[in-house]
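Chemist: Could you have a look at this structure, given as structure tokens, before my questions?
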Amino acid sequence: MDEPFAALDAQTKLEMQEELVTLWQRYESTIVFVTHSVDEALILATKVAVMTHRPGRIRELIDVAQPRPRDSTSQAFNDAKRHVPPQQLAVRYLSIKIKKKDIFHDLFPRSR
């Protein structure tokens, strides 16, 4: 999914994020979600891949181990947010949700 909530108003975006998490928990499937929003990546992801501009390479992999539902005002969330590099136009955050099998490294081998 490539920035599917980008054009939504704030309230609808929050509702869609909650619905996406509910569906993910119900069906236990993997979702690759591309976003430029650090907050959105941390709210939705179990893993975040921070990518370079061009060529698109994975610069850093970040595990998001916070329990759900996630509170974007909590100390733990803001600590995680400080760890993610500041948003730049050249950076995309891939939110990876993995339940049964960790296929992250199969999909995105670490760039060298």
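Just so you know, all these numbers are worked out from the coordinates, no wet-lab data involved. Not measured: the values here are computed from a predicted model. Note that we place each Cβ from the backbone using ideal geometry, even for glycine, and neighbour counts take in every protein chain shown.
Chemist: Stretched out fully, how many nm does the piece from GLU19 to ASN78 gain, at 0.36 nm a residue minus the Cα gap?
Modeler: On the way: separation 59, 0.36 × 59 = 21.24 nm, distance 2.28 nm.
Fully extending the segment from GLU19 to ASN78 adds 19.0 nm.
Chemist: Now for a separate question. 7 Å from Cα along Cα→Cβ at both LEU8 and ILE58: what's the point-to-point distance in nm?
Modeler: According to this spin-label approximation, the distance is 2.6 nm.
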